[in-house]
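First the structure, in the form of C-alpha cells, and then the observations on it.
The values are calculated or read from the model by the stated rules, or taken from the named source; none is laboratory data. Because the structure is a prediction, the values reported are computed rather than measured. All Cβ positions, even for glycine, are placed from backbone atoms using ideal geometry, and neighbour counts span all protein chains on display.
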C-alpha cells in the first residue's frame, strides 16, 4: 500500500489466527498490519521501524505484554499498547492502564471493536507527539 495516509500497526501474537483475522480486517483500511509472533521479534521490529500502535497478546512464547511494554516505553515515541486476551477481566485492564498500556481488547476479536480501539489508540499516541512530528509511524 503506497498510501501516504496509511498508518502502521504491529500485532504481536503466537496465534496465526489472530494475524489472519487482523490482516483481513485491515485489508481495506488505512491501516497497514505488521506481524510478529514473539516478544524478541517484536522488539527487533520496533527498533528498526517504530509504529504508533502495538496490539500484544497477553502471553507470548518468550515473555508477556509487560516485557514488551517495558521495551516500548524506552523508545523515543512509545506506541500505544493494546493488550489482547481471551481471559480479559477488570484486573488485567487495571494493570494495563496502571503500567502505561493503552487498553485491553477481548479475543475473539470483533471488527468494530478492533477499529475503534486501534483508532483511539492512534489518536492517543498522536496527541502525545510534539508539534510537527510524523504521525504515520
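Points worth noting:
- Count - residues of the range 10-56 that are farther than 18 Å from residue 73 by Cβ and within 11 Å of the chain's Cα centre (by Cα): 5
- Within the range 76-105, no residue satisfies the criterion of being loosely packed, with under 15 Cβ neighbours inside 10 Å, touching a helix residue (DSSP H, G or I) at 6+ places or on another chain (Cβ under 9 Å) and under 25 Å from residue 29 (Cβ atoms).
- Criterion (more than 14 Å from residue 7 (Cα to Cα), modelled with pLDDT of 95 or more, touching a strand residue (DSSP E or B) at 6+ places or on another chain (Cβ under 8 Å) and assigned to a helix (DSSP H, G or I)) met by exactly one of 96, 104: 96
- Search result, residues across the range 87-99 that are free of Cβ contacts under 8 Å to residues at least 12 places away in the same chain and either under 25 Å from residue 129 (Cα atoms) or within 13 Å of the chain's Cα centre (by Cα) (or both): 93, 94, 95, 97, 98
- Among the residues of the range 44-62, the ones that are out of contact with any strand residue (DSSP E or B) (no Cβ under 6 Å at 6 or more places or on another chain), crowded, with 18+ Cβ neighbours inside 10 Å and free of Cβ contacts under 8 Å to residues at least 60 places away in the same chain come to 2 in all.
- Counting only residues that are over 15 Å from the mean Cα position of the chain (by Cα) and either modelled with pLDDT of 95 or more or in a helix (DSSP H, G or I) (or both), the range 112-137 holds 3 of them.
- Residue check for residue 109: touching a residue at least 12 places away in the same chain (Cβ under 8 Å) and assigned to a helix (DSSP H, G or I): no
- Members of the range 1-34 found to be modelled with pLDDT of 95 or more and either within 14 Å of residue 68 (Cα to Cα) or part of a loop (DSSP other than H, G, I, E, B) (or both), listed by number: 10, 11, 12, 13, 14, 15
- Of all residues in the range 69-86 being in a loop (DSSP other than H, G, I, E, B) and under 20 Å from residue 38 (Cβ atoms), the one that is nearest to the chain's Cα centre (by Cα): 79
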